[in-house]
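So the structure is just underneath, and the comments pick up after that.
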Amino acid sequence: MELATALRGQTVQNKIREVGINPNYWYPVGWSDRFQPNKIVPVVIWHQAIAVYRDAEGHLHALENACPHRGVELHKGKVHGTHLACPYHGWEFSGSTGECVNIPYLPKTQKLPCAQARTFPIQEKYGLVWVFPGDRALSDLQPLPEAREFEDPDWLMVPVTAHFKAHFSICNENAMDVFHGFLHEDLQGWFDPVLTDLKETESMVRAEYQVSYKGHMAKFLGLTDRADQVTTLPIAIQYSYPHYATSLQGISALYLMRLPISPVESRSFALFFFKVRLPKWVLRSLRPILSWAIPKFLLQRFLDQDVDMMESEQQTYLKNPRRRYVEINPAIIALQRLIVRQYEQFSQQPGGSPSSHRPTGSQSSEDAPSAGDLPQAENLPAVKSEQAVGGVTR
Ligand code: FES
Ligand SMILES: [Fe+2]
């Protein structure tokens, strides 16, 4: 569906800061090198604690991080072959089925009790480990995001990890929000953004903006030929629930793989691709140093500024979840609508249990203020809403 691109004030419905995830997608849990053979790594995908390990043969396994015997966290245990042994009494669980396959003190003649840890589909791609926390029958139907540049040696990939003390909606709005170039002014980010096109489907929002660049950073990134020259380029930002793909006209591509952890904590694993204008042999030898230096000296400065804003936004929200906010970018409103819709669709499915995926933070989505539950007059934003409490409704 094509949406209007005009900027106009709309009130944000606060339940966007309280919704859970639709778990029927693949979520990244860490870079591959974090998962060394025979090491068990605890990860969390929206309240779901999972013990991930790689066996000696290199195969990955993901089990619920709670022993079926007494609930001890399995990541404190040991890898025995392809099995995971709990640290407390040594019960062993199969990495593929989660079934208890050995209890060291049970006589061999006796039958094992019926005890099974939940297992999760797991795979590795783009240097990341991915887990499917939802209905395992759907895992084969749901593809991973496509990052074509990953296999192409002409692109330099820079991995960047980010940790936000903020709800995933706040982080996702930051990535869709090209109008915050103001924040990065001192880093010579970008200026004069214009939203030129906006589309929305059941699971995707795609916005196209026109953005201008100038300065040494733009020259380094190949956006302009000279630092004092202004270049205006189209940029496409696509949120395909629950991850991002952004493309800047064959110059760079950015994939933001998101990991929502709790209502106030999220992680992001970014694959940043640059088309570097260097001979291939030079690029090959410079690749390790560029992959280290670009995030450290360039991207991290942008990221730090963004993190500061996102965490500030979250903190103010928590102090008064009833305060109303106003947005004028229709791309943000469409994104919020999608995030709420995905959660509600999952919650309403047979077997979609919102209770196990529901936020346990300050307030549940069901408790979010209704239209009649208005904030204090002094907290109302200065801009008058054109669509009462319409931020996340169609
Ligand atoms: S608690 Fe895990 S074996 Fe007893
Ligand atoms: Fe930013």
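Each reported figure results from applying straightforward, stated rules to the coordinates on display, with no laboratory input. Quick caveat, the model's predicted, so the values are computed rather than measured. In this analysis, Cβ positions are derived from the backbone assuming ideal geometry, glycine residues included, and neighbour counts consider all displayed protein chains.
What net charge is computed for the residues neighbouring Leu74, neighbours being all others with C-beta under 15 Å from the C-beta of Leu74, Lys and Arg scored +1, Asp and Glu -1?
On the way: positive: Lys39, Arg54, Arg70, Lys76, Lys78, Arg118; negative: Asp55, Glu64, Glu73, Glu92, Glu99.
Residues near Leu74 contribute +1 overall.
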**OP:** Please identify every one of the GluC sites (Glu not before Pro) in the range 180-250 that sits in a loop by DSSP and has no more than 14 other beta carbons within 10 Å of its own beta carbon.
**Re:** Glu202
Subject >> Distance in nm between pseudo-label sites at Ser96 and Lys76 (7 Å out along the Cβ direction from Cα) >> reply: 3.0
**OP:** Provide Arg54, Arg324, Arg8 in ascending order of the number of other Cβ atoms located within 10 Å of each residue's Cβ, fewest first.
**Re:** Arg8, Arg324, Arg54
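Gln123 to Asn38: extension gain in nm, 0.36 nm per residue of separation minus the Cα-Cα distance?
Roughly 28.9 nm would be gained on extension.
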Subject >> Most mobile of Leu144, Leu299, Leu106 in a GNM of the chain (Cα contacts under 10 Å) >> reply: Leu106
Original post:
For Lys280 and Met309, what is the calculated FRET efficiency with R₀ set at 41 Å and r taken between the beta-carbons, to the nearest 0.05?
Top reply: 0.60
Subject >> Inter-centroid distance (Cα atoms) of the range 175-234 relative to the range 99-164, Å >> reply: 36
**OP:** For the chain, return all DSSP H helices satisfying: extent of Cα atoms along own axis at least 18 Å; mean Kyte-Doolittle hydropathy at least -0.5.
**Re:** 280-294, 330-348
**OP:** Using the Cα centre as the reference, give the magnitude of the dipole from point charges on the C-beta atoms of the range 40-138 (Lys, Arg: +1; Asp, Glu: -1; all else neutral), rounded to the nearest 20 debye.
**Re:** 200
Original post:
Tally Lys/Arg at +1 and Asp/Glu at -1 over every other residue whose Cβ is under 10 Å from the Cβ of Ser240; what's the total?
Top reply: 0
Original post:
Toward the positive end of the charge dipole of the range 88-155, about the Cα centre and with charges on Cβ (Lys, Arg +1; Asp, Glu -1), which of Thr97, Pro113, Trp155 goes farthest?
Top reply: Pro113
**OP:** Starting with the fewest neighbours, write out Arg17, Arg136, Arg337 ranked by other beta-carbon atoms found within 10 Å of each beta-carbon.
**Re:** Arg136, Arg337, Arg17
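Ignoring everything except DSSP H segments at least 4 long, calculate the 222 nm mean residue ellipticity for the chain; use -39,500 (n - 2.57) per segment, divide by total residues, nearest 500. Write down the numbers at each step before the final one.
Values: 6 runs with 72 residues, N = 394.
Estimated from H runs of four or more residues: -5500 deg cm²/dmol.
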Original post:
Given a Förster radius of 51 Å and the C-beta distance between Ala115 and Asp197 as r, what FRET efficiency does 1/(1 + (r/R0)^6) yield to the nearest 0.05?
Top reply: 0.40
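Rounded, prolate or oblate for the chain? Axes are the square roots of the Cα gyration tensor eigenvalues, ordered a ≥ b ≥ c, and the cut-off for rounded is a/c under 1.5.
Cα axes put the chain in the oblate bin.
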**OP:** Please find the FRET efficiency linking His216 to Ala4, where r is the Cβ-Cβ separation and R0 is fixed at 35 Å, and quote it to the nearest 0.05.
**Re:** 0.40
Original post:
Could you give the length gained on full extension between Arg301 and Leu183, defined as 0.36 nm per residue of separation minus the Cα-Cα distance, in nm?
Top reply: 41.4 nm
**OP:** Using the structure shown, list the pairs from Lys165/Lys214; Lys78/Lys111; Lys39/Lys275; Lys214/Lys275; Lys15/Lys165 with a Cα-Cα distance above 27 Å, or answer none.
**Re:** Lys165/Lys214; Lys39/Lys275
Original post:
By how many nm would the segment from Gln345 to Asp154 lengthen if fully extended, with 0.36 nm per residue of separation less the alpha-carbon distance?
Top reply: 64.7 nm
Original post:
Of Leu74, Leu303, Phe132, which is farthest on the positive side of the dipole of the chain, counting Cα position, with +1 on Lys and Arg Cβ, -1 on Asp and Glu Cβ, and the Cα centre as origin?
Top reply: Leu74
Original post:
How high is the relative contact order of the chain, in percent, with contacts defined as C-alpha pairs under 8 Å that are six or more residues apart?
Top reply: 24
**OP:** Would you list which aspartates and glutamates come within 16 Å of Lys125, measuring only between C-alpha atoms, while excluding same-chain residues fewer than 8 positions from it?
**Re:** Asp33, Asp140, Glu146, Glu149, Glu151, Asp152
**OP:** Just name one of Ala270, Ser312, Ile170: the one whose Cα is farthest towards the positive end of the charge dipole of the chain (beta-carbon charges, Lys/Arg +1, Asp/Glu -1).
**Re:** Ala270
Original post:
If you put +1 on each Lys and Arg Cβ and -1 on each Asp and Glu Cβ, how big is the dipole of the range 148-319 around its Cα centre, in Debye rounded to 20?
Top reply: 700
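Compute the signed sum of charges (Lys and Arg +1, Asp and Glu -1) over the other residues within less than 9 Å, Cβ to Cβ, of Leu156.
+1
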**OP:** For the chain, give the magnitude of the charge dipole about the Cα centre (Cβ charges: +1 Lys/Arg, -1 Asp/Glu; no others), in debye to the nearest 20.
**Re:** 780
